[in-house]
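Below you'll find the structure I mean.
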Amino acid sequence: MGKRIGLEVSLSAAEAVKMANVDCIAAYPITPQTHIVEHLSELVNDGELDAEFIPVESEHSAMSVSAGASAVGARAFTCTSSQGLSLMNEIVHIVASMRLPVVMILANRSMSGPISIWNDHTDVMSIRDCGWIQVFANNGQEVFDHVLFGYKVAESQGVMLPLIINIDGFILTHVIEPIEFWEKEQVEQYLPDFEPIHTLHPDRPVTMGGVGMPYVFSEAKVAQDEPLKQSKSVIISAWKELGDIVGRYYSPIETYRSGDAETLFITQGSYGETVSLVVDELRDEGKSVGLVMDRLWRPFPFDEFREATGQTRNLIIIDRAISYGGQGGPLAIDIRSALYKEKNQPNITNFICGLAGRDVTIDDFKNIYHKAMQKVKKHPREEDFEYYGVRGK
Amino acid sequence: MEIVESTNVYAYKLITKKDYFAPGHRACQGCAEALAVRLVAKALGRNVIVASATGCMEIISSPMPFTSWRVPWIHVAFENAAAVASGAEAGMKVLMRKGRVPKRKITFLAMAGDGGTSDIGVQALSGALERGHDFIYICYDNEAYMNTGIQRSSSTPYGASTTTSPAGKVIPGQITWKKNMPEIAVAHNIPYVATACPSYPIDLVEKVNKAARVKGPAYIHILSVCPTGWRLAPELSIRAGRLAVETGVFPLYEVEYGRYRFTEEYLKIQGRFRHLSEEMIDTIQKRVVEEYEKLEKKIKMTEGD
Ligand SMILES: Cc1ncc(C[n+]2csc(CCOP(=O)(O)OP(=O)(O)O)c2C)c(N)n1
Ligand code: SF4
Ligand SMILES: [Mg+2]
């Protein structure tokens, strides 16, 4: 077992990047991602990590540099939040289509405007369809583990796709948590060197990023989506292997007291841990409540969701992003689609809350539970979602 | 040693017959930008990794599943060739340092049009020059966004009619002056900046070779005549490039470590000057500048006569 120390989650994330022996780090500062890259530059400048640290002039270049580095066969890391993600958006899509296994930590922060540095999931949801593998971390340990997991999955031969690790800004990035480090041997056992299929090298010239005329474009896109869908089996076995080595087992969704529950909360990211406390308290009050936390976001774990929620009467889906003019939050939209053909469809209520760092406390979640129980009586439609806790509504 | 009858003819033989930018690409007839690309590829040989911006040269050379590139080549987007090349250079450096790729000299080339350089790509370029990556950046300046249909760029010359600076009844075409991109590169204090034109192929190849030799960033701005966008007969491309240089519209010069000089090619290709020392070349250079300035004054004095 590795050493266990109390450390800010951002710093431990950087330490995990070091353990992954990353070759190239290109990043541009933005709150709340800053501590991660600051610590990485320290590690490089102190000679603790042999990597190129490229202090780029923008996030657009951060992702472009990562693309170039990955294309020559270097293990590339970058890290950003909200506006930075928007600025690099164009290249985020291209990196996926070029099958470059860059790993990015996204310290989730609200999208401007109004400008805000605080946490929600509006940034990642804006690139939901970018073609990257996307996971959410619930706590600091998961962030650490998923950096190593990230490279293992992204770089596997049948996958070769970039991967995003979502971590809630401030709620996770800026808190000190007990983190269990991996032993060097454990990393070596788990994560092999990056063995790309094609690289840019004069001895084997290849052309990357050619023009896709209509007669090849659709084929190119399907050839991109297939490995993303199929990556799920690689992801599951990479989690299994991780568990066998460090003793922490992960899965696409995590359930808590859900087996016999009549009502299930569904969350993404760090809210899961808060809601697990809510579940305990509601159970103490005699309510039949459980929790499903979504860890894998893309590829979407359809089967797992159907299995976990199929027998449930009510779902309370907590979203932290808006689909303007649409049918609620992005998580609710996907889950509704996943359950559309099920025989015993649960009543679905959807609450959008915690936008840009607005606190959602245990009492708030209890309140949400009671509101949901009222709502299900009226058979809410998909557009009947609620912005929870908004004044003047 | 054989007697060389004509240095002019001999000099051309110094350029390799090998092509790394293959024929069969889809550029228009008489495209001097494609010619410039071909010459650059010849100059750099096979030990190169190319990062290209979106634009005519990318479109005409890479329709999947075909490619004109016999060297490793990557295209990611329009405005980021300098950043992609930065990543490739940095990535290769660390892989060689860690022993995962055998050590050897590889040249990194970023290439873009004038739009991809002086407009949308200027930020990424400035960042890469400032960070000091060991790479060459080449701007193929055809003085407009040709790939999207001849729209103006900041490199379009004053007066030119383009599809977004049309010669209208009130506004007679482009009303701004050409952005001085080589000067912007010079301001980054990089080791080498040059201007070139494929109408002067030996000069162009020599400058590319020089750029490949310097350690750190080098910037070459190549005037690339585009018959389609310039409304010019394809057979006049080379002539138009020569005229641009001869008339001083597009002067050829080099800036080595901040030292400006007109191109030495004129002297170099002539056996009768081969013996000149650096000081003598400097003396000639000084005199040329003085004479040129005098001439400019005279032109001004007699203006409107
Ligand atoms: C972000 C972005 N904006 C606009 C475009 C559309 N676009 C593609 S090429 C091009 C013009 C290229 O002009 P230039 O760089 O001068 O190269 P040329 O085609 O003239 O050689 C434009 C505007 C794009 N691909 N990406
Ligand atoms: S439009 Fe101009 S630059 Fe583009 S391929 Fe044709 S001639 Fe060359
Ligand atoms: Mg152009």
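The values are calculated or read from the model by the stated rules, or taken from the named source; none is laboratory data. In this text the structure is predicted, and so the values were computed from the model without any measurement. Heads up, the Cβs are rebuilt from the backbone with ideal geometry, glycines too, and the neighbour counts pull from every protein chain shown. Surface accessibility is based on the protein's heavy atoms, side chains included, excluding ligands, DNA and RNA. Shrake-Rupley method; radii C 1.70, N 1.55, O 1.52, S 1.80 Å.
Count neighbours as other Cβ atoms within 10 Å of each site's Cβ, and list the GluC sites (Glu not before Pro) in the range A:175-218 that are DSSP loop with at most 14 such neighbours.
When the GluC sites (Glu not before Pro) of the range A:175-218 are filtered for loop state and at most 14 Cβ neighbours within 10 Å, A:183 remain.
Probe radius 1.4 Å, ligands and nucleic acids left out: which of B:230, A:118 has the largest accessible area, and how do the rest follow?
Largest accessible area first, the residues go A:118, B:230.
May I ask which of A:343/A:393; B:42/B:93; B:42/B:179; B:13/B:210; B:179/B:207; B:210/B:298 have a Cα-Cα span longer than 27 Å here?
In this structure, A:343/A:393; B:42/B:179; B:210/B:298 exceed 27 Å between Cα atoms.
Probe 1.4 Å, all protein chains in place: accessible area of residue B:59 in Å², nearest 10?
60 Å²
Mind jotting down the three principal axis lengths of the range B:200-303 based on Cα atoms? Whole angstrom, largest first.
Rounded to whole Å, the extents work out to 44, 42, 29 Å.
Which percent of the accessible area of chain A is formed by carbon and sulfur heavy atoms (probe 1.4 angstrom)?
The C+S portion of the solvent-accessible surface of chain A is 50 percent.
Assuming a ≥ b ≥ c are the square roots of the Cα gyration tensor eigenvalues, decide whether the range B:2-301 counts as rounded (a/c under 1.5), prolate (otherwise, with a/b larger than b/c) or oblate.
It is rounded, given that a/c, with a ≥ b ≥ c, falls under 1.5.
What number comes out for accessible area per residue over the protein assembly as shown if the probe is 1.4 Å? Units Å², please.
Normalised by residue count, the accessible surface of the protein assembly as shown is 43 Å².
Using a probe radius of 1.4 Å on protein heavy atoms only, what is the accessible area buried between chains A and B, both sides summed, to the nearest 100 Å²?
3400 Å²
Same structure, new question: Work out the mean other chain Cβ neighbour count within 10 Å for the residues of A:18-25 and drop it here as an integer.
Mean partner shielding for this stretch: 3.
Taking only the C-alpha atoms, wrap a convex hull around the range B:72-133 and report its volume per residue in Å³ as a whole number.
Dividing the Cα hull volume of the range B:72-133 by its residue count gives 80 Å³.
Taking the DSSP beta bridges in chain B as the whole, what percent of them are antiparallel, to the nearest 5?
Expressed as a percentage, antiparallel bridges in chain B total about 30.
Which residues' amide hydrogens lie under 5 Å from the amide hydrogen of residue A:211, considering only partners 5 or more residues apart or on another chain, with H built in the peptide plane?
Excluding prolines and chain starts, which carry no amide H, the hits are B:62, B:64.
Which peptide among A:70-77, B:244-251, B:69-76, A:39-46 comes first, and what is the full order, when sorted by highest mean count of other Cβ atoms within 10 Å?
So the peptides A:70-77, B:244-251, B:69-76, A:39-46, ranked by packing, come out A:70-77, B:69-76, A:39-46, B:244-251.
Say a paramagnetic label sat at a point 7 Å from the Cα of residue B:242, along Cα to Cβ; which residues of the range B:186-204 have their backbone N under 19 Å from it?
Only B:196-204 pass the distance filter.
Could you give each residue of the range A:156-172 its phi-based ³J(HN,Hα) in whole Hz, using Karplus coefficients 6.51, -1.76, 1.60 with θ = phi - 60°, and x for Gly or Pro?
5, 3, x, 9, 6, 10, x, 9, 10, 10, 7, 9, 5, x, 6, 3, 10
Among the lysines, which have Cα under 22 Å from the Cα of residue A:184 when same-chain residues fewer than 8 positions away are ignored?
Straight-line reach from residue A:184, under 22 Å: A:3, A:18, A:152, A:240, B:98.
If you don't mind, another one. What average number of partner chain Cβ atoms lie no more than 10 Å from the Cβ of the residues making up A:210-221?
3
Got a sec to turn the phi values of the range B:64-72 into Karplus ³J(HN,Hα) couplings, 6.51 cos²θ - 1.76 cosθ + 1.60 with θ = phi - 60°, whole Hz, x for Gly and Pro?
Once rounded to whole Hz, the list reads 3, x, 9, 8, 9, 9, 9, 10, x.
Relative to the first principal axis of the alpha-carbon coordinates of chain A, what is the inclination of helix A:271-284, with its axis defined by its Cα atoms, in degrees from 0 to 90 and to the nearest 10?
30 degrees
What aspartates and glutamates could a cross-link reach from residue A:341, if we take a straight Cα to Cα line under 14 Å and drop same-chain neighbours fewer than 8 places away?
A:303, A:307
Residue farthest toward the positive end of the dipole of the protein assembly as shown, with Cβ of Lys/Arg at +1 and Asp/Glu at -1: which of A:179, B:107, A:169?
It is B:107, whose Cα lies furthest towards the positive end.
To the nearest whole percent, what portion of all C-alpha pairs in the range A:31-165 is separated by more than 20 angstrom?
43 percent
Given C-alpha coordinates of chain A, what is the ratio Rg to Rh with the Kirkwood estimate of Rh?
0.97
For residue B:38, tell me the accessible area in Å² from a 1.4 Å probe, rounded to the nearest 10.
Result for residue B:38: roughly 100 Å² accessible.
Could you pull the accessible area for residue A:258 with a 1.4 Å probe, rounded to 10 Å²?
20 Å²
Compute the distance in nm between two label points, each set 7 Å from the Cα along the Cα-to-Cβ direction, one at residue A:327 and one at residue B:202.
It works out to 7.2 nm between the two label points.
Taking 1 over the mean of 1/r across every pair of different Cα atoms in the range B:51-181, what Kirkwood radius in Å do you get?
One decimal place: 16.0 Å for the Kirkwood radius.
Using the scaling law 2.2 N^0.38 Å as the reference, what is the normalised Cα Rg of the range A:124-179?
The reported ratio for this selection is 1.22.
Rounded to whole Hz and in sequence order, give me ³J(HN,Hα) for the range B:54-60 from the Karplus expression 6.51 cos²θ - 1.76 cosθ + 1.60, θ = phi - 60°, writing x for Gly and Pro.
Once θ is set to phi - 60°, the couplings for the range B:54-60 become 5, x, 3, 5, 6, 4, 6 Hz.
A further question on this structure: Using a simple spin-label model with points 7 Å from Cα along the Cα→Cβ vector, what separation in nm is obtained for residue A:177 and residue B:158?
According to this spin-label approximation, the distance is 6.2 nm.
Evaluate E = 1/(1 + (r/R0)^6) for residue A:288 and residue A:225, where r is the Cβ-Cβ distance and R0 equals 35 Å; express this FRET efficiency to the nearest 0.05.
In this case the efficiency is close to 0.35.
Here is a follow-up. Any idea what the dipole of the protein assembly as shown comes to, in debye rounded to 20, about its Cα centre with Lys/Arg Cβ at +1 and Asp/Glu Cβ at -1?
1800 debye
Provide the convex hull volume over Cα atoms per residue for the range B:216-264, in Å³.
Hull volume normalised by residue count: 103 Å³.
Taking residue B:294 as the anchor, which lysines have their alpha carbon closer than 17 Å to its alpha carbon, excluding any fewer than eight residues away along the same chain?
The reachable lysines, counting only those whose Cα sits under 17 Å from residue B:294, are B:286.
Counting only other chains, what is the mean number of Cβ atoms within 10 angstrom of the Cβ of each residue in peptide B:65-74?
Mean partner shielding for this stretch: 6.
Could you give the nm distance between label points at residue B:277 and residue B:176, where each point is 7 Å from its Cα heading toward the beta carbon?
4.8 nm
Where Lys and Arg each count +1 and Asp and Glu each count -1, what net charge lies around residue A:23 among other residues with Cβ under 11 Å from its Cβ?
So the environment of residue A:23 carries a net charge of +2.
While we're here: For residue B:141, enumerate residues with amide H under 5 Å from its amide H, sequence gap 5+ or separate chain, H modeled in the peptide plane.
B:222, B:223, B:224
Can you give the Rg to Rh ratio of the range A:253-387, both from alpha-carbon atoms, with Rh computed by the Kirkwood formula?
0.92
Something else: Starting from one equal scatterer on each C-alpha and no solvent at all, send me the Debye-based log10 I(q)/I(0) for the range A:41-109 at q = 0.15, 0.23 Å⁻¹, two decimals.
So the normalised log intensities are -0.48, -1.04.
Here's another thing I want to ask about it. Mind checking the log10 I(q)/I(0) for the protein assembly as shown at q = 0.05, 0.09 Å⁻¹? Debye, one equal scatterer per Cα, no solvent, two decimals.
One equal scatterer on each Cα of the protein assembly as shown leads to -0.31, -0.83.
Quick check on the protein assembly as shown: helices-only [θ] at 222 nm, where DSSP H runs of length 4 and up contribute -39,500 (n - 2.57) each and the sum goes over total residues. Nearest 500, please.
After summing the helix terms and dividing by residue count, I get -12000 deg cm²/dmol.
For a bin width of 5 Å, list the pair-distance distribution of the range B:124-199 built from all Cα-Cα distances, rounded to whole %.
Here the calculated profile for the range B:124-199 is 3, 14, 21, 18, 16, 13, 9, 4, 2, 0.
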